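Written out below as structure tokens is the structure these notes cover.
The values are calculated or read from the model by the stated rules, or taken from the named source; none is laboratory data. All of these numbers come straight from a predicted model, not from anything done at the bench. Here the Cβ is made from the backbone with ideal geometry for all residues, glycine too, and neighbour counts use every protein chain on show.
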Amino acid sequence: MSDLIINVSFGLAAPARRDPAGNRKHRNFVRRRRLERKRALGQKQRPAAPQPGGGLPRKRGCRARGKRRPEAGGGEREEHEENDPPGSSGGTKPSARSTTQETGTKGSQRAKKATKALVRAPGLPPAPSKFVAIDCEMVGTGPGGRNSDLARCSIVDYEGDVLYDRYVRPAEPIVDYRTRWSGIRKQHMANAVPFCKAQREILKILSGKVVIGHAIHNDFKALKYSHPKVLTRDTSKIPLLNQKGGFPEDVSISLKRLAKELLHKDIQVGKSGHSSVEDARTTMELYKVVEAEWEQHLMLNSEQE
């Protein structure tokens, strides 16, 4: 019978040798990253090259930027980042040209405002655009037609252009049309504006304006309105007009007589009644005759007060 020999080893097994391939891939990856960083650093330090069409090269920040990350197999993949949202710190800054344009626009706007403020500084008369002239025609209502209610209102600007001219239907029934003076007839009330609506429209125009009229308190009374005294010019109470027309200073002269003497024109003629547009234009023309002297007189009085 042959002998059986068994070799039994009780020592620890020797560790298996690591595959050098993995270390080699890792070293190659590290080497490539170092080279990429060196190239990127050199591009940042290098001055930007001019483009063929002139100007600076396009910034990469306006487009998607990529980062390279190693894949499991040792390769690399590109991971894109989204552009920064509008208004974020990483967004594209405005160019110098656009900034200059914005600054210039703001500067010109400030200059215009300053100039506008200087056009009518304190101590100067109001601008022509602030002047309007008004004339109203009334009809009789109430017992015996003794109450005067608004039936037509006309407003013109400094140049005499019509801003408002409408027939107005009184709240009370009309007893006397007073056609000989007012020029109002029954047919004019067919499409007339109700008083409340007309009042709103008229006061909107008069707001903030210098209002000129002849015996203007009658017009305001018909409108049920009180305009600031400092913004009111009554041609029936301007002594300078009476002086120029040869009338006593303390007497209220009719619009018709002042127009004849100072403007050499005839108004309110015939039996068809007055025209409120014509009367408003005439009032504005009379005011212009003494405008400079009268406004200077008013300013001196306001300073003394």
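Some notes on this structure:
- Residue within region 121-142 that is over 27 Å from the mean Cα position of the chain (by Cα), of a type outside the set (A, V, I, L, M, F, W, C), at pLDDT 50 or above and under 23 Å from LYS209 (Cβ atoms) present: yes
- Verdict on LYS288 being part of a helix (DSSP H, G or I), within 18 Å of ILE155 (Cα to Cα) and not hydrophobic (A, V, I, L, M, F, W, C): yes
- Matching residues in region 224-283 - criterion: being exposed (fewer than 12 other Cβ atoms within 10 Å of the Cβ) and among the acidic types (Asp, Glu): GLU249, ASP250, ASP266
- Sole residue being closer than 14 Å to ILE238 by Cα and either acidic (Asp, Glu) or free of Cβ contacts under 8 Å to residues at least 12 places away in the same chain (or both), chosen from LYS288, LYS260: LYS288
- Of the helices (runs of 4 or more DSSP H) lying entirely inside region 143-240, those containing at least 2 residues that are free of Cβ contacts under 8 Å to residues at least 40 places away in the same chain span 195-206, 216-223.
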